[in-house]
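Presented below is the structure to which this report refers.
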Amino acid sequence: MNYIHNHLPTDKLQALDAAHHIHPFSDMGDLNARGTRVITRADGAYIWDSDGNKLLDGMAGLWCVNVGYGRKELVDVATNQMMQLPYYNSFFQSTNVPAIELSAKLAELAPGDLNHVFYAGSGSEANDTNIRMARHYWASLGKPSKKVIISRHNAYHGSTVAAASLGGMAFMHAQGGLPIPDISHIAQPYWYAEGGDLSPEEFGLKCAQELEAEIERLGEDKVAAFIGEPIQGAGGVIIPPETYWPEIQRICDKYEILLIADEVICGFGRTGNWFGSQTFNIRPDIMTIAKGLSSGYLPIGGSMVSDHVAEVLAQKGGEFAHGYTYSGHPVAAAVALENLRILDEEKIVERASNEIAPYLKDKWLDLANHPLVGEARICGMVAGLELTPDKTARAPFKTPLGTAGNICRDFAIENGLVMRAVRDGLIISPPLVLTKPQVDELAEKVGRVLDQAHAKMRQEGML
Ligand code: PMP
């Protein structure tokens, strides 16, 4: 008998959870009072809880289960690799076969000359690597003063001390004395909330030009890199206006600062191409990967590094004094490689891009006609809705921020759908293997949620 008791009653599991398990991004007093939802199994695009409720997983776990749940090939690869070599490190002149083969496959798939990988256990760790690597790169070139990494307000790059500093979430900085030194934040290209009377194109350009102003303010000799998510995910699925990324690229090129694309969410098919950098025509020097790399079946992340950065490090950098016990973990690497094989050979990225995403887009953009919706936006298989009491003015609610979003999120769960609320907006990022009937189900449920929320908000005087 092993120690996992899948058949304990829900109340017992919840009591044990409340007694011993501290959850991420949770108010534990509130959570323990309400009780956690115990997820016991999953298949395809669905998850089940311990009371037998079936939910369509509109978030692919945490934006990661790109191939969907229940892929036995991934289980078999993990089992075999665990028998063969469950662990060995990549320090001290050692390597392992899955890490070698995964690196070669990633080099083949990644855009441009991103032909090298430094592995981590997560996206946060990979972004920590990026900070140290970018600074080490410039120090190796004899420019140790180039340390500042420029990021954006409301960016999410992870939860470690450095990655959370890189992120632009004020409520995260407020806890634990962040950010660390030499990180700076400029405006985000969030037209709906911050664009005012400018057109999206004008606003995109204006936000990107803040990068140039910030480089000038800090001094070019102080700036190491700019980092951005091609589409901000946790910030609320903020899809930048078309003018944004070309201008960012121009400025990075002009000042020769490194461009780091954080593709933790956008990578591996999410935006309709293998990488968000392809969708937005960005040429990153470093690219953060995680999540969809293994479809979440095992933890793995990494930094993909371009030829010229890798060359400088190899020729001038000496020892890069950085690494994780689980860098290049053989089982995680084997599962990631098998996941890439599935995505590639089953043409999941192409099918999602050519068939499912356009089908979803039609239905999603239709939701903009609902009286509660101020904007519907979508790119590939990631989408967001802005909720508003007044469509024409893009007005916010008068209730505390998040009230309207949470009302919808709770109705979604009641309707058997997982979607996430960000402020007073709703976001989805479903598995890429969604079928058309599942898209119908998703859209129909979101419509019902909006109707129910509308009725409740009316009753409560929010509208
Ligand atoms: N970067 C981005 C863009 C992310 O969305 C996330 C996670 N949501 C991270 C980094 C951090 O990844 P992890 O949670 O694996 O540390």
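The values are calculated or read from the model by the stated rules, or taken from the named source; none is laboratory data. All values derive from a computational prediction rather than experimental measurement. Every residue, glycine as well, gets a Cβ built from its backbone with ideal geometry; the counts of neighbours run over all protein chains shown. With ligands, DNA and RNA removed, areas are computed over all heavy atoms of the protein, side chains included. Shrake-Rupley method; radii C 1.70, N 1.55, O 1.52, S 1.80 Å.
Once the whole set of protein chains is in place, how much accessible area is left on TYR87, using a 1.4 Å probe, in Å² to the nearest 10?
Probe radius 1.4 Å; accessible area of TYR87 about 80 Å².
Give me the percent of the accessible area of segment 247-368 that comes from carbon and sulfur atoms, probe 1.4 Å, all protein chains in place.
Percent of accessible area from carbon and sulfur atoms in segment 247-368: 47.
Which residues' amide hydrogens lie under 5 Å from the amide hydrogen of VAL223, considering only partners 5 or more residues apart or on another chain, with H built in the peptide plane?
Under 5 Å from the amide H of VAL223: LYS147, VAL148.
Output ³J(HN,Hα) for segment 401-414: one whole-Hz value per residue in order, computed from phi by the Karplus curve 6.51 cos²θ - 1.76 cosθ + 1.60 with θ = phi - 60°, and x for Gly and Pro.
3, x, 4, 5, x, 5, 4, 5, 4, 5, 5, 4, 4, 4
Compute, for LYS72, the solvent-accessible surface of its heavy atoms (probe 1.4 Å) with the complete set of protein chains present, and express it in square angstrom to the nearest 10.
130
How would SER306, SER90 rank on accessible area, largest to smallest, probe 1.4 Å?
SER90, SER306
Mind checking the per residue accessible area of segment 304-463 for me, 1.4 Å probe, whole number of Å²?
42
Using θ = phi - 60° and the Karplus curve 6.51 cos²θ - 1.76 cosθ + 1.60, what whole-Hz ³J(HN,Hα) does each residue of segment 372-380 get, with Gly and Pro shown as x?
Rounded to whole hertz, the list is 8, 9, x, 7, 10, 9, 7, 9, x.
Heavy atoms only, probe 1.4 angstrom, no DNA, RNA or ligands counted: give me PHE118, PHE171 ranked by accessible area, highest first.
In descending accessible area the options line up as PHE171, PHE118.
Ignoring any ligand, DNA or RNA, what whole percent of the accessible area of segment 372-463 comes from carbon and sulfur when the probe is 1.4 angstrom?
Whole-percent figure for carbon plus sulfur exposure: 51.
Mind checking the per residue accessible area of segment 134-252 for me, 1.4 Å probe, whole number of Å²?
With all protein chains present, segment 134-252 gives 38 Å² per residue.
Work out how far the C-alpha atoms of segment 108-213 reach from end to end along every principal axis, then list the three figures in whole Å, largest first.
Dimensions of segment 108-213 along the principal axes of its Cα atoms: 44, 38, 30 Å.
Order the following by accessible area, largest value first: CYS64, CYS252. Probe radius 1.4 Å; ligands, DNA and RNA are ignored.
Of CYS64, CYS252, the descending order of accessible area is CYS64, CYS252.
For segment 250-262, just list the computed ³J(HN,Hα) in residue order, Karplus coefficients 6.51, -1.76 and 1.60, θ = phi - 60°, integers in Hz, with x standing in for Gly and Pro.
With the stated coefficients, segment 250-262 comes to 4, 5, 4, 5, 4, 9, 6, 9, 5, 9, 10, 9, 8 Hz.
So what is the calculated 222 nm ellipticity per residue for the chain, using -39500 (n - 2.57) for each DSSP H run with n of 4 or more, over all residues, to the nearest 500 deg cm²/dmol?
My calculation for the chain gives -12500 deg cm²/dmol from helical runs alone.
With the Cα gyration tensor of segment 367-463 in hand, give its eigenvalues times 5 under a square root as the equivalent ellipsoid semi-axes, listed largest first in whole angstrom.
The equivalent ellipsoid of segment 367-463 has semi-axes of 22, 14, 11 Å.
Quick one: which residues, 5+ away or cross-chain, put their amide H under 5 Å from the amide H of ASP262? H built at 1.01 Å from N.
Excluding prolines and chain starts, which carry no amide H, the hits are GLY228, GLU229, THR288.
Amide H of GLY44: which non-local residues (sequence gap of 5 or more, or other chain) have their own amide H closer than 5 Å, using H built in the peptide plane?
Residues meeting the amide H criterion: TYR69, GLY70.
Could you rank the peptides 307-313, 172-178, 120-126 by their average count of other C-beta atoms within 10 Å per residue, with the highest value first?
Averaged packing, sorted descending, gives the order 120-126, 307-313, 172-178.
Could you point to the residue in VAL148, VAL373, THR40 farthest towards the positive end of the chain's charge dipole, with +1 and -1 charges on the Cβ of Lys/Arg and Asp/Glu respectively?
About the Cα centre, the residue reaching furthest to the positive side is THR40.
Per residue, what accessible area does segment 1-133 have, given a 1.4 Å probe and all protein chains present, in Å²?
Value for segment 1-133: 59 Å² per residue.
Place +1 on the Cβ of every Lys and Arg and -1 on the Cβ of every Asp and Glu in the chain, take the dipole about the Cα centre, and give the residue among LEU340, MET169, HIS20 whose Cα lies farthest towards its positive end.
Selected residue: HIS20.
Write down the Å³ per residue value for the convex hull defined by the alpha carbon atoms of segment 395-442.
Per residue, the Cα convex hull of segment 395-442 comes to 79 Å³.
Summing +1 for each Lys or Arg and -1 for each Asp or Glu, what net charge is found among the other residues whose Cβ lies under 10 Å from the Cβ of GLY447?
With Lys, Arg at +1 and Asp, Glu at -1, the neighbours total 0.
If you take the C-alpha gyration tensor of the chain, multiply each eigenvalue by 5 and take the square root, what semi-axes do you get, largest first, in whole Å?
Semi-axes from the Cα gyration tensor: 34, 29, 21 Å.
Greater than 20 Å separation of Cα atoms is the criterion. Which listed pairs, LYS105/LYS347; LYS54/LYS445; LYS146/LYS254; LYS105/LYS316; LYS143/LYS254, meet it?
LYS105/LYS316
Roughly how big is segment 141-232's charge dipole about its Cα centre, with Cβ charges of +1 (Lys, Arg) and -1 (Asp, Glu), in debye to the nearest 20?
Magnitude of the dipole: close to 460 debye.
Rounded to the nearest 10 Å², what accessible area does TRP191 have for a 1.4 Å probe in the complete protein model?
Counting only protein heavy atoms, the figure is 50 Å².
What dipole magnitude, in Debye to the nearest 20, does the chain give about its Cα centre under +1 on Lys/Arg Cβ and -1 on Asp/Glu Cβ?
The dipole magnitude comes to about 580 debye.
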